[in-house]
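The values are calculated or read from the model by the stated rules, or taken from the named source; none is laboratory data. Values in this document were obtained by computation on a predicted structure and should not be read as measured data. All Cβ positions, even for glycine, are placed from backbone atoms using ideal geometry, and neighbour counts span all protein chains on display. Each accessible area value is taken on the protein alone, full model and side chains, heavy atoms only, with ligands, DNA and RNA left out. Shrake-Rupley method; radii C 1.70, N 1.55, O 1.52, S 1.80 Å.
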Amino acid sequence: MLDIVDPRPAADPTDTAGSFDPPTAGLAIRGLTVRYGGPERAPTVWSVDLTLEPGKILGLAGESGCGKSTTAKAAIGFRQGSETVTGRSLLAGTDVLALDPLARRALWGNRVSYVSQSASLALNPAMTVGRQLAQPLRRHRGLSGAALKRRMLELFTLVDIPDPAVALKKYPFQFSGGQQQRVALAIALCCEPEVLILDEPTTGLDVTTQARISALLRSIVDRTRIAVLYVSHNLALLANLADSLAVMYAGQIVEQGPTPVVLARPRHPYTKILLGLSPRLEDPRLVPGIPGLPPAGAVLDDCSFAPRCPYAEAACCGAAVPARRFPGGVEARCHRAEALAGGGPSPVALSRVAIPDADPLLIVDQVELHYRGAPRPSVDKVSFKLKTGERIGIVGESGSGKSSVLKMISGLVAPTAGYMRFGDTRLDALAVDRPRWLCRDIQLVFQNPDASLNPRHTIRQILMRPLVLFHGKLPASERERRVRESLERVRLPAAFADRMPQELSGGQRQRVAIARAFLASPKLLLCDEVTSALDVSVQAAVLETIAEISADAGVAVVFVSHDLAVVRTIADRILVMRNGQVVEAQDADGLFTNPQEPYTRDLIAAVPTFDLA
Amino acid sequence: MSLRLLKPIATRLGANVVTLIVISMVTFGLMNLKAPEDVARSVLGREVSAAQIADFVAKNGLDAPVAVRYVDWISRFAIGDFGHSIVTGRPVSNDVLTRLNRSLTLAALGSLFGVAAGIVIGVQLALRAGSKADFRVVTGLLVIASMPEFLIGIALYLVFVVWLGWFPTQAGMAFSFGDAWARAMTFVLPAATIGLLLMPHIARVARASAIEAFASPYVDAARLRGLSERQVSWDHAFRNAALPLMSVIGVNLVYAVSGVVVVDFLFGFPGLGALLVASIGSGDVFTTQAIVMMFAVVIVVINIAVDLAMLWLNPKARFRAA
Ligand code: SF4
């Protein structure tokens, strides 16, 4: 497998990524290939070379299904099922993959540690965190009694858990998500491992929590000289944290090198596009989403990116593309890297229309939602106005009450105080009691489309619902035409009408949900974290769709998200919420260039950016 | 922790006392629907004089209003005085308590066998999940589980009593005339029947929850901390698998207790079930009431025990309850 990599220029001091000579410390992954099923099946991970150096963080980026998690687990010899793993993974000269299962287990948690995405799932719910921390310490270090206790307190202090002695006696569910991840980190670090693998450790956490954990990790790496592999789909986060960056696509590393070099001069078109697709605070524009979906496994006889690559040419097909070296210690798998030296596709702003100077479509006035028994209101005197065609974003951390605002507007819960008006109608009734036209005019799309798409209906049946419900007397041919048209608008093939929801990917289902919302011909679209579960390429397509349709039809949008950068791309005006209150409301540009409130500034500062200065 | 648990224990006790009172009212009501004269007649026979009936009614206090009799009965019951049988005249508690003792031993032996075998089989299946053996055994368990209880009992009776002749044909005889060994032997078949009734349910749930627990992320995480497979299984997988299992065990213990009625009948075992059938037949009101209440108390105790075991296994519920 190693002969795929071209011989590199002899001496280059910065040249460490994928080096041939395994370093004496850290972890050197060479030719790692993972296959599920026989040799006829495309490998899930193919010939991956990565070098984890002491005191350095290597970021492994890529979209879901690209094989990055599989790589991370396979690299430390953790098998999940029937997969065959070939290649080597050298820990100070010892091939971890060649060890017998018992010897491997003696390494795990001891010299090599792994932290998985969701600490809330990785911690045993029925055991105090103290016991869970004690187990590997007893096993690998033989600690007990006072020494064990001392070490445990030390570890909890290391990961900044307040009041360690009390915390040790608690159960995982008594901690917040961020603290659970700190606990998981403490367990991973307990035996002072040489290598730490982090698999999406902060995904799903608030940006501020994410930023704090990243800072903690950096300081631990600097202090302990541990070698880290950090797997994430969040390129901006890796850009801030990782010393070097590897980008994975369809089971292959398509580009890797020192982070500043890769960011400043991405060589592979996929890296360029991924960078352009990642929303940034400083620029609301995105590159247009790329068509198609990644292949299921590695493609060995073409460039695996060719079907979606805007720069593909005949030479890109017919053979696997070898990794080649470029100045600055970068390796990339693209024939045309030199020819494409310039930037990638240029970003464009999402479609917008001028907002007419008319009466507001929606008025939310001093609205409050106070659940009985709750110490404080979930939504506390929130007011805003929205005009036809206007797009408003609501950002805030989990528990800020941003989703509750949408729930009240859509009539899923009733406000406990305040006043809402839509056009000339008071919005005080719950959805079930609202007149049908009002339900048509206000459409809500959720984060998780699976919950709202009936799994036993075809996409056609799903899309017909709003037509039957809200546009009663349409002839069948007209309905069919509108269904097709709506699929086209969300860039799904018309043939999808006959499929079932579960045959579609998550992003495609989300687009069906959006198509359905627009088929009702609403005047107001409420989006609750609609892109949070999506990869950046799909996210871009979904954002484009919403923007385009809202601009075409003059639909007003309330877009709720915890992701400031995403909200930035689509919103004209942004409300920042905290503890149920709106702490700041500004037009989008103003909010990011000139935030007024300290909380907004903290929130903005916590968002990882590509700005490396 | 123990102090924190006082409140959930107290609420559960309170709720169950209410349940018991309701059961006692319904039982008493049903048993005392008949006019006192009819009760007397059903015990004494048809050919009795009015004087004899009046005497019987007065002696057994049947002439008081129902509410008074109920209060009288339940307050005595609460302190362990079950009254005198209106048929034999002997204290009800004597008969009922010996029988209760026997039947509980039987139910306990049967459940122990059923639960232990079920868990062992379930876990073994979970470790082999998806294999041919797994499939066959699961199918077999389904077949057993879908058989009516008397069929299992009859099959055991035919094989071990009639065919092999290992056990006496009439358990009751062994009890009255046999030695300790003979008495012990009488427990085997009824207990095996009860065990076989429970085992398939327990095994299937044990299998499913063990499979789920072993596939959970925290089990992977525990392996990746380098813990031994033993520690992974016992501390991480089984402990969490025990939670869904516990509720099924609870249902099955109740099932086992009610199963004694059937096995008493099948094997002629002189237990509470047999006495219940007999006392209903002879119109022995107080005995019947006492037995029904004993069943109710045992079931309520099982429910409380299972609830507490689940609280112990599930810290989250423990904190919510407290
Ligand atoms: S090799 Fe060709 S298809 Fe592949 S990324 Fe480069 S330009 Fe695109």
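Taking the longest Cα principal axis of chain B as reference, the axis of helix B:285-313 is set at about 20 degrees.
Let me know the shape class of the protein assembly as shown, please: from the alpha-carbon gyration tensor, a ≥ b ≥ c as square roots of the eigenvalues, rounded when a/c is under 1.5, otherwise prolate if a/b is greater than b/c, or oblate. Working shown, then result.
Values: a/c = 2.40, a/b = 1.68, b/c = 1.42.
In terms of gyration-tensor shape, prolate.
For B:Ala278, what is the net charge nearby, where nearby means another residue's Cβ is under 15 Å from its Cβ and Lys, Arg count +1, Asp, Glu -1? Neighbour charge sum, excluding B:Ala278 itself: 0. Compute the distance from the alpha-carbon center of the stretch A:303-347 to that of the stretch B:241-257, in whole Å. Using only Cα atoms, the two centres lie 61 Å from each other.
Extent along the principal axes, Cα only, for the stretch A:367-436: 34, 27, 17 Å, with the longest axis given first.
What is the local net charge at A:Tyr371, summed over the other residues whose Cβ is closer than 13 Å to its Cβ (Lys, Arg +1; Asp, Glu -1)? Walk me through the numbers on the way to the answer.
On the way: positive: A:Arg372, A:Arg376, A:Lys407; negative: A:Glu368, A:Asp380.
Taking every Cβ under 13 Å from that of A:Tyr371, the sum is +1.
About the centre of its Cα atoms, the protein assembly as shown shows a dipole size close to 1180 debye [charges on the beta carbon of Lys, Arg (+1) and Asp, Glu (-1) only; nearest 20 debye].
Given R0 = 22 Å, the distance between the Cβ atoms of B:Lys316 and A:Thr157 translates into a calculated FRET efficiency of 0.25. Spin-label model, A:Asp424 to B:Leu158: label points 7 Å out along the Cα-to-beta-carbon direction sit 8.3 nm apart.
Cα gyration tensor of the stretch A:218-358, axes a ≥ b ≥ c as square roots of the eigenvalues: rounded (a/c below 1.5), prolate (a/b > b/c) or oblate? Let's see the in-between values first.
Details: a/c = 1.96, a/b = 1.10, b/c = 1.77.
Oblate is the answer for the stretch A:218-358, as a/c is 1.5 or above yet b/c matches or exceeds a/b.
A probe of 1.4 angstrom, applied to the heavy atoms of all protein chains, finds A:Glu63 with accessible area near 10 square angstrom.
When Cβ neighbours within 10 Å are restricted to other protein chains, what is their mean count per residue of peptide A:101-108? Could you put the intermediate results ahead of the total?
Details: counts 1, 2, 0, 2, 8, 1, 1, 6.
Mean number of neighbouring Cβ atoms from other chains: 3.
Compute the Cα gyration tensor for chain B, then decide on rounded, prolate or oblate, letting a ≥ b ≥ c be the square roots of its eigenvalues: rounded whenever a/c is under 1.5, prolate when a/b is larger than b/c in the other cases, and oblate in all that remain. Don't jump to the answer; show the numbers that get you there.
On the way: a/c = 3.12, a/b = 1.63, b/c = 1.92.
Oblate, because a/c is 1.5 or more while a/b does not exceed b/c.
For chain B, the longest principal axis of the Cα atoms and the long axis of helix B:66-78 meet at an angle of about 50 degrees. When the Cα positions of B:Val188, A:Gly81, A:Trp46 are compared along the charge dipole of the protein assembly as shown, B:Val188 comes out farthest toward the positive end, with charges on each C-beta of Lys, Arg, Asp and Glu. Think of the stretch A:526-595 as having a plus end and a minus end, set by charges on the Cβ of Lys, Arg, Asp and Glu; of A:Gln539, A:Leu575, A:Ala588, A:Leu575 sits farthest toward the positive end of this dipole.
Selection among B:Ala15, B:Asn32, B:Gly61 by position relative to the dipole of the stretch B:3-78 gives B:Ala15 as farthest towards the positive end (Cβ unit charges, Cα centre). Each residue was assigned an accessible area with a 1.4 Å probe, and for B:Trp166 the value is about 150 Å². Basic side chains Lys and Arg get +1 at the Cβ, acidic Asp and Glu get -1 at the Cβ, and with that the dipole of chain B about its Cα centre reaches some 1180 debye.
Relative to the Cα centre, what is the charge dipole magnitude of the stretch B:58-216, using +1 at the beta carbon of each Lys and Arg, -1 at the beta carbon of each Asp and Glu, and rounding to the nearest 20 debye? All intermediate terms of the calculation are to be shown ahead of the outcome.
On the way: 12 positive and 8 negative charges, 47 e Å.
Its charge dipole is roughly 220 debye.
Taking all protein chains together and a 1.4 Å probe, the residues A:Met408, B:Met31 rank B:Met31, A:Met408 from largest to smallest accessible area. Solvent-accessible surface (1.4 Å probe) assigned to B:Leu100 amounts to roughly 20 Å².
Under a 1.4 angstrom probe, counting protein chains only, how are A:Arg489, A:Arg578, A:Arg509 ranked by accessible area, largest first? If you can, show how the numbers build up before the last one.
On the way: A:Arg489 85, A:Arg578 110, A:Arg509 40 Å².
The most accessible residue leads, giving A:Arg578, A:Arg489, A:Arg509.
Within a straight-line Cα-Cα reach of under 18 Å, B:Lys59 can be paired with the following lysines, leaving aside sequence neighbours fewer than 8 residues apart in one chain: B:Lys34.
Provide the net charge surrounding B:Gly83, with neighbours chosen by a C-beta distance below 10 Å and charges set as Lys +1, Arg +1, Asp -1, Glu -1.
Working: positive: B:Arg76; negative: B:Asp72, B:Asp81.
That sum, taken over residues with Cβ under 10 Å, equals -1.
Each listed q (0.12 Å⁻¹) maps to a log10 I(q)/I(0) for the stretch B:3-78 from the Debye sum over equal C-alpha point scatterers, namely -0.48.
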